[in-house]
Structure formats: structure tokens, C-alpha cells
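Everything below concerns the one structure shown next.
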Amino acid sequence: MNPKTKRIVLAVTLVVVVIGYALLLWRGPWWIDGAHLRTKNLQPADGVVITGFRTMLVALGAGAVAALGLHYTHRSHRQLRSCMNTAKSNSRMPERRTEGRPNSPAKAKSLSGTLRRSSFCRHQVTTA
């Protein structure tokens with residue numbers, strides 16, 4: 001898929017999700033639990049159901065935002081760690097071994113093969 005098309009599809013999907021979320025916050029209690037709610041002359045019991053439903057939606061939205069933030073942080077951490085391993089393996093200085101933890105050349109080699117294709121690593125890591 002073309003990157004421009006992918007970006008457009010993502011933007012349209014995001015707009016639809018935001019509009020759907022707003023509609024659920026506004027009219028959701030009556031759509032889901034309409035048989036038990038009044039539309040006029042609301043009583044305190046109706047307010048409890050409406051508030052509970054909206055609180056649930058806000059909690060789900062906050063959880064989704066937290067999950068996306070965690071996913072982004074994980075991806076950027078993994079990429080940065082890989083770039084650093086690539087820079088370390090490409091440097092001319094000998095590696096320092098720590099006691100009890102020998103370096104794994106196979107692991108460094110497998111990471112460096114995937115990192116050289118990354119545009120982030122090419123722009124951020126310079127070799128001497």
C-alpha cells in the first residue's frame with residue numbers, strides 16, 4: 001500500500017473513531033440501555049446509569065491511550081537499543097567485557113542486520 005494512501009486511511013479511521021466515541025458519550029446510554037432510561041423528566045436513578053456508562057467509556061478511552069503510549073515507547077526503545085548495538089559493533093574500539101556476562105556476537109550480528117535497513121539508524125548513528 002502506498003504510504004500516502006495508508007496515511008489517508010489512518011486519518012479517516014481516526015476521524016470515524018473520534019466521532020463514534022463522541023456519539024457514544026452523548027447518546028450511548030440511551031442506545032445501549034434505552035429501555036430502562038427516561039428521555040424526559042430524568043430521575044436520580046437515570047443519572048446513575050448515564051454517569052456509570054459515560055465513566056466506563058472514559059476509562060476505556062484512557063486505557064486505549066495508555067496502551068498506544070506503551071506500544072510507541074516499546075517500539076522506540078527497541079529501535080534505539082538496536083541502533084546503539086549497531087553503532088557499538090561498527091565502532092573500531094574493542095568491546096569491554098563485563099564479569100559473568102560475555103558478549104554474544106550472534107545476537108549483535110542478528111540485530112545489526114535488521115538495523116542497517118532502518119532510516120532512523122542511518123541518520124542518527126555515525127561510524128568513525
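The values are calculated or read from the model by the stated rules, or taken from the named source; none is laboratory data. Everything numeric here is computed off the predicted structure, so don't read it as measured data. Heads up, the Cβs are rebuilt from the backbone with ideal geometry, glycines too, and the neighbour counts pull from every protein chain shown.
Going by the conditions given, is ARG54 surrounded by 12 or more Cβ atoms within 10 Å (Cβ to Cβ) and in a helix (DSSP H, G or I)?
On the way: surrounded by 12 or more Cβ atoms within 10 Å (Cβ to Cβ): yes; in a helix (DSSP H, G or I): yes.
In short, yes.
Within region 9-28, the set of residues being in contact (Cβ under 8 Å) with a residue 24 or more places away in the chain and of a type in the set (A, V, I, L, M, F, W, C) comprises LEU24, LEU25.
Quickly run through region 59-82 and pick out the residues that are under 20 Å from ILE19 (Cα atoms) and in contact (Cβ under 8 Å) with a residue 24 or more places away in the chain. Within region 59-82, GLY61 is the sole residue that qualifies.
Listed here are the residues, each with its yes/no results for (1) in a helix (DSSP H, G or I); (2) surrounded by 11 or more Cβ atoms within 10 Å (Cβ to Cβ); (3) at pLDDT below 90.
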residue: ALA11; (1), (2), (3): yes, no, no
residue: VAL17; (1), (2), (3): yes, yes, no
residue: LEU23; (1), (2), (3): yes, yes, no
residue: ARG27; (1), (2), (3): yes, yes, no
residue: ASP33; (1), (2), (3): yes, yes, yes
residue: LEU42; (1), (2), (3): no, yes, yes
residue: VAL49; (1), (2), (3): yes, yes, no
residue: GLY61; (1), (2), (3): yes, yes, no
residue: ASN85; (1), (2), (3): yes, yes, yes
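Number of residues in region 29-57 that are touching a residue at least 12 places away in the same chain (Cβ under 8 Å) and within 26 Å of the chain's Cα centre (by Cα): the value is 3.
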